1. Quickly estimate the mean residue ellipticity at 222 nm for the chain, helices only: each DSSP H run with n ≥ 4 gives -39500 (n - 2.57), and the total goes over all residues, rounded to 500.
2. For the chain, what is the accessible area per residue in Å² when the probe is 1.4 Å?
3. Exceeding 25 Å between C-alpha atoms, which entries from my cross-link table qualify? They are LYS23/LYS187; LYS23/LYS222; LYS23/LYS218; LYS23/LYS49; LYS49/LYS187.
4. Which lysines have a Cα less than 16 Å from the Cα of LYS48, not counting those fewer than 8 places away in the same chain?
5. Would you mind getting me the FRET efficiency between SER112 and GLU19? Use the beta-carbon distance for r and R0 = 22 Å, nearest 0.05.
6. So how do ARG192, ARG167 rank on accessible area, 1.4 Å probe, biggest first, that is with the largest at the start?
7. Assuming R0 = 51 Å, what is the FRET efficiency of ARG192 and LYS218, from their Cβ-Cβ distance, to the nearest 0.05?
8. When the dipole is taken about the Cα centre of segment 95-234, and only Lys, Arg (+1) and Asp, Glu (-1) are charged at their Cβ, what size is it in debye, to the nearest 20?
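The values are calculated or read from the model by the stated rules, or taken from the named source; none is laboratory data. Since the model is a prediction, treat every value here as computed from it, not as a measurement. Glycine gets a Cβ as well: all are built from the backbone with ideal geometry, and neighbour counts include every protein chain shown. Quick note on the areas: whole protein, heavy atoms, side chains included, nothing else; ligands and nucleic acids left out. Shrake-Rupley method; radii C 1.70, N 1.55, O 1.52, S 1.80 Å.
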Amino acid sequence: MDFLNQRYIPMSRRRRIYEGKAKVLYEGPEPGTLIQHFKDDATAFNAKKHDVIDGKGVLNNRISEYIFSRLNDIGVPTHFIRRLNMREQLIREVEIIPLEIVVRNVAAGSISTRLGIEEGTPLPRSIIEFYYKNDALNDPMVSEEHITAFGWATTQEIDDIIALAIRVNDFLSGLFLGAGIRLVDFKMECGRLWENDMMRIVVADEISPDSCRLWDMKSNDKMDKDRFRRDMGGLVEAYSEVARRLGILMENDPTQGKGPVLVK
Ligand code: 5GP
């Protein structure tokens, strides 16, 4: 299958597979593919807080494309094939594992609240946590015992997920460090990709300022969705700055990235 071949599918003829809070999944042009569409909707606290922020979807599509392409380049398997347009990307259809995998390098958000650790405290080592993806239950934190007992993933799959999470964390920490940004924490999702009778775990969903905590190295300014969660404003400006520093938003040719821009 030649995934690099452009095949335009009019919006009206597409079958919608799934609509989430910030994204829509449509049937793709080839079997085993989907189109992931990034909306401008911002939600927090399990959709209790909702807003539409012009341009957020476009920025997340570009930033997530950049990160997933670089992960593919270094041999971290992902669902990403290629970006189609400003808001959409072609992805491989995977069986999503119902877990949010959170990796933390610095205390912030729920770990600070839960364990009383001041935000900004570096953690003794990176910590990986699992949350069960279930809106009705507010995505509760779960242990490996819960995951295997309830059949959400096997022990081997958990090992694969942890190995992927560590590689993604190391890669992203370095990528953002080069752009003058501290990767405080992030959330990722994984899926099972079937190729004939073979199955492997790949990184799925998105990785963007919606799913990471990103702090400016010098000022500690927040450059992520906490700006929305905490009513700070300036979300699109912050996401644009992340894209600019990663070398994604170029002045003259917005479609060409040139890699991270060193922040002096
Ligand atoms: P916390 O557990 O501190 O609220 O979040 C930890 C990290 O995971 C943060 O970077 C946060 O953005 C991300 N995260 C946790 N849950 C979700 C979620 O449901 N959606 C998104 N987009 N990110 C999440």
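1. Per the formula, -8000 deg cm²/dmol.
2. Numbers: 13260 Å² over 264 residues.
Per-residue value: 50 Å².
3. On the way: LYS23/LYS187 16 Å; LYS23/LYS222 23 Å; LYS23/LYS218 32 Å; LYS23/LYS49 16 Å; LYS49/LYS187 19 Å.
Going by Cα-Cα distance, LYS23/LYS218 fall outside the 25 Å limit.
4. Partners found: LYS21, LYS225.
5. 0.10
6. If we order ARG192, ARG167 from most to least accessible, we get ARG167, ARG192.
7. Numbers: r = 41 Å, r/R0 = 0.81.
Efficiency computed from Cβ-Cβ geometry: 0.80.
8. Numbers: 16 positive and 25 negative charges, 119 e Å.
Dipole of segment 95-234, to the nearest 20 debye: 580 debye.
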